[in-house]
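Here you go, one structure.
The values are calculated or read from the model by the stated rules, or taken from the named source; none is laboratory data. Values in this document were obtained by computation on a predicted structure and should not be read as measured data. Virtual Cβ from ideal backbone geometry, glycine too; neighbours counted across all protein chains shown.
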Amino acid sequence: MADKFRIFSTEIAATLDPDNAGPAPATNIVFDQDPHHGVYEQISSANDRGSVIQTLGGSIIQDFGTNIQDKIISFSDTDALQQATITDLIAAYAIVDEEWYFTDGYGCWTVQFSRSPSGFVYFRNLLFSEQDLHVFSYSINLLVRSQEI
């Protein structure tokens with residue numbers, strides 16, 4: 001798995017290094033660590049792609065095939081993100097219908113935060129709060145619009 005997950009905006013210019021991109025991205029959220037204590041599903045199916053219609057002598061199966069827009073990227077962790085990262089993610093999630101670039105260091109996708117299931121859920125990790133540390137657990141679901149790299 002890559003060193004850092006990123007959500008960033010503007011042009012990617014075929015680079016996975018937005019810090020050194022020209023122009024630099026307007027929004028660049030770097031996750032504090034990989035989800036070592038959670039899950040990372042690079043691309044999985046988000047929606048049913050057809051239907052089964054029961055008839056009097058059997059059934060008709062409609063299959064619409066798959067395409068990149070049917071995919072979702074999911075990841076979560078239980079003790080990973082600091083307050084500054086959560087604040088940046090809250091601001092990004094609040095923007096309606098905004099598309100972002102997301103990279104895990106290997107691939108890069110144009111994504112949107114999912115609205116159902118919720119694209120961004122977070123809560124303070126109480127175990128760390130007892131030690132006066134503000135560390136958040138999180139779960140993120142990103143709808144894939146296209147694959148760039």
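Filtering the stretch 116-127 down to residues that are within 19 Å of Asp88 (Cβ to Cβ) and surrounded by fewer than 17 Cβ atoms within 10 Å (Cβ to Cβ), which residue is modelled with the lowest pLDDT?
Initially, the stretch 116-127 is screened for residues within 19 Å of Asp88 (Cβ to Cβ), giving 118-125.
Subsequent filtering for residues that are surrounded by fewer than 17 Cβ atoms within 10 Å (Cβ to Cβ) retains 118, 121, 123-124.
Details: Ser118: 91, Val121: 95, Phe123: 91, Arg124: 86.
If we take residues in the stretch 116-127 being within 19 Å of Asp88 (Cβ to Cβ) and surrounded by fewer than 17 Cβ atoms within 10 Å (Cβ to Cβ), then Arg124 is modelled with the lowest pLDDT.
Still on this structure: Could you figure out which of (1) polar (S, T, N, Q); (2) out of contact with any Phe, Trp or Tyr (no Cβ under 9 Å at 6 or more places or on another chain); (3) modelled with pLDDT of 85 or more; (4) surrounded by 11 or more Cβ atoms within 10 Å (Cβ to Cβ) isn't true of Thr66?
Single failed check for Thr66: (3).
Out of curiosity, is Tyr101 surrounded by 14 or more Cβ atoms within 10 Å (Cβ to Cβ) and either modelled with pLDDT of 80 or more or of a type in the set (S, T, N, Q) (or both)?
Details: surrounded by 14 or more Cβ atoms within 10 Å (Cβ to Cβ): yes; either modelled with pLDDT of 80 or more or of a type in the set (S, T, N, Q) (or both): yes.
So Tyr101 passes the test.
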